[in-house]
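All remarks here apply to the structure that follows.
The values are calculated or read from the model by the stated rules, or taken from the named source; none is laboratory data. This structure is a prediction, so every number in the text was calculated from the model and none was measured. Here Cβ is always computed from backbone atoms with ideal geometry, including for glycine, and neighbour counts include all displayed protein chains.
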């Protein structure tokens, strides 16, 4: 699988080990940055780059790391076609893909440590959408909401 990865200054320390893990699992990694530690960088730049990569089909999934995971989730979800979520437990990381077709995993480096982050990423990339009627029906409703959303930002 081809996977985009990105992180701001808060997630920078986790990005390298996670990219290495993904390569070790046989995945191709597209690193969108940050490529150097810069305390003044902004998470939307990296969340947006990962999200656009996934939405365009350049990559199949994405992983973004910031301090809490919340900001990157909010930013990534602004890109049509992206279903991003903060996951700090393996159940959510797996179920998010299986039931909700989540395609971007957002992690908080100030919330999870390196080993748990590796476990979360491993579970996320190993999971696949369960194309059962109830999951498909719910996903179609989410996609319809996205398609209808054309108004100004709140």
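Test residue 130 against the stated conditions and say whether it is surrounded by 13 or more Cβ atoms within 10 Å (Cβ to Cβ), in a loop (DSSP other than H, G, I, E, B) and over 12 Å from the mean Cα position of the chain (by Cα). Taking the combined requirement at face value, the residue satisfies it. Restricting attention to the stretch 50-75, the residues that are more than 18 Å from residue 1 (Cβ to Cβ) and touching a strand residue (DSSP E or B) at 6+ places or on another chain (Cβ under 7 Å) total 8.
Here residue 149 meets each of (1) surrounded by fewer than 16 Cβ atoms within 10 Å (Cβ to Cβ); (2) within 17 Å of the chain's Cα centre (by Cα); (3) closer than 19 Å to residue 52 by Cα with one exception, condition (2).
Here residue 132 clears all of (1) at negative phi; (2) modelled with pLDDT of 95 or more except the condition numbered (2). Suppose the filter is modelled with pLDDT of 95 or more, out of contact with any strand residue (DSSP E or B) (no Cβ under 8 Å at 6 or more places or on another chain) and farther than 19 Å from residue 7 by Cα; does residue 126 pass it? Spelling it out, residue 126 is indeed modelled with pLDDT of 95 or more, out of contact with any strand residue (DSSP E or B) (no Cβ under 8 Å at 6 or more places or on another chain) and farther than 19 Å from residue 7 by Cα.
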